[in-house]
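Heads up, the thing below is written out as structure tokens.
Throughout, read-outs are computed from the coordinates displayed, never taken from laboratory work. Quantities reported herein were computed from a predicted structural model and do not represent experimental measurements. When we count neighbours, we look across all protein chains shown, and the Cβ atoms used for this are built from the backbone with ideal geometry, even at glycine.
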Amino acid sequence: MTAPDSPELADRAAGWAGAYVHIPFCARQCPYCDFTVVVGRDAEADRYLEALSIEIASEPPWRPLDAVYVGGGTPTRLGARRLATIVETLADRFGLASDAEVGLEANPEDWTPEMAGELAAAGFGRVSFGAQSFDRRVLAALGRCHTPADVARAVEVARRAGFGSVNLDLIYGHPVEDARSWTTTVEAALGLAPDHLSVYALTVEPGTKLWRDVRAGASAPDPDVQADRWEEVQVRAEASGLVRYEVSNLARPGHACRYNLTVWAGGQYLGFGVGAHGFRDGVRRANVRRLDTYLDRVRAGLGAVQSSDLVSGAEAERERLMLGLRRAAGVVLGQGGEAFVASDEGRRLLDAGVVEVRDGRLVVLRPLLTDLVIRSVLG
């Protein structure tokens, strides 16, 4: 199997075709979440499925999809039957590659053997559980409804149903989390032998409850503490056979997320649903973010797109570098990379061992400084 961090895989992903489908329904909104979600509106699931079908049918014919990712929100709140219908609709409209990866996000507490079996039968082979922590205190602070035991049960159920790739999401750096808590979380997560691990620093996004709490005087995440947390999980995960292939993502060979690889490689992908984004034929599109507006526009034949921009020339080069530098494999130098390497700042970062040029690629050697490098490269 190809290593997750190999340049070969990183470059091949640029030729894949992806599709993202956004499901906004949630039981509650987590205090840190700034995604497009709605609470208490599950009764509109059939209307939403109808709108998705119309939107997909209105997209001009394309090529078979290599990767489909259903995110949210909480996709499983639609139920297995509706999720299966979405995959069928995509397959009828565009086709699926013979080795296409079809994945979805799920909350551990919603995951049942019946649902897992139906989804596996419908073609889903990858599931990402929002574990976030294995400390009940941290889970409560993050607004999560599940318990650590729910995560272990969900992973077992997914395996028994035949899911070939199981991912766990973790969030580190909440002020109520201490060093021992984080170590316990990492050990518990790795003890479940996930195929993939996504690890994110808690961020204070404007407009969220967490943002309002911090503005009112609550403690904010400590960047130095978060750096320590990240270093620990990377060391422990790699000792368990997971390979970091992007700033926040590690996987076993053969289990890197195909949809995410497509995005980071600057490949093309379609976006369906409220708040979804897509990139096709050099045009980046963003759908409206309000559910009512989305439903009304699609049903009226007006389409869901709120904005679209042609990405070309210097802007395309900036995006190529920005996305590619997040990968462990780095990015082919190109015009922008060569200019950076020849600059004073580029030479300084090269001499400091922050970046290196390897086989014609610019590679970030110190992942925690990736954002700094990107800002330096983009000027």
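Express the relative contact order of the range 170-238 as a whole percentage, based on alpha carbon pairs under 8 Å and six or more residues apart in sequence. Write out the running numbers ahead of the final one.
Details: 48 pairs, mean separation 34.4, N = 69.
Reported relative contact order: 50 percent.
Cysteines in the chain lacking any other cysteine Cβ under 4.7 Å from their own Cβ: Cys26, Cys145, Cys257. Per-residue ellipticity at 222 nm, computed for the chain from helices alone with -39500 (n - 2.57) per DSSP H run of at least four residues, works out to -12000 deg cm²/dmol.
The peptide list 74-80, 16-22, put in order of mean Cβ contacts within 10 Å with the highest first, becomes 16-22, 74-80. Seen from Arg63, the other residues with C-beta closer than 13 Å to its C-beta sum to a net charge of -1, counting Lys and Arg as +1 and Asp and Glu as -1.
Each principal axis of the range 313-378 carries a Cα extent, and these read 31, 23, 22 Å when sorted largest first.
Neighbour counts of other Cβ atoms within 10 Å put Cys145, Cys33, Cys26 in the fewest-to-most order Cys145, Cys33, Cys26.
Please report the net charge: other residues with Cβ closer than 11 Å to the Cβ of Phe35, K and R +1, D and E -1.
Details: positive: Arg289; negative: Asp34, Glu105, Glu205.
After counting each charged neighbour, the total is -2.
Among Thr203, Thr185, a tally of other beta-carbon atoms within 10 Å of each Cβ gives an order, fewest to most, of Thr203, Thr185. As a rough footprinting exposure proxy, the listed residues Ser308, Ser133 were ranked by other beta carbons within 10 Å of their own, and the order from fewest upward is Ser308, Ser133.
Could you work out how far the C-alpha centroid of the range 288-335 sits from that of the range 144-177, in angstrom? Centre-to-centre (Cα) distance: 30 Å. Our note on the geometry: Cα centres of the range 241-274 and the range 41-104, 19 Å apart. Pairwise inverse Cα distances across the range 215-327, averaged and inverted, put the Kirkwood hydrodynamic radius at 17.3 Å. Across the options Gly95, Ala3, Gly72, the greatest Cα extent toward the positive end of the charge dipole of the range 1-101 (unit charges at beta carbon of Lys, Arg, Asp, Glu) belongs to Gly72. Looking at the chain, the DSSP beta bridges with both ends there are about 40 percent antiparallel. For the chain, the Cβ-based charge dipole about the Cα centre amounts to some 440 debye (Lys, Arg positive; Asp, Glu negative; other atoms uncharged). Sorted largest first, the spans of the alpha carbon positions of the chain along the three principal axes are 58, 48, 47 Å. The residues neighbouring Gly266, those whose beta-carbon lies less than 9 Å from its own, together hold a net charge of 0 under the Lys/Arg +1, Asp/Glu -1 convention. Relative contact order of the range 254-366, taken over Cα pairs closer than 8 Å and 6 or more residues apart, is 18 percent.
Both the radius of gyration and Dmax for the range 1-90 are 15.9, 46 Å, in that order, over alpha-carbon atoms.
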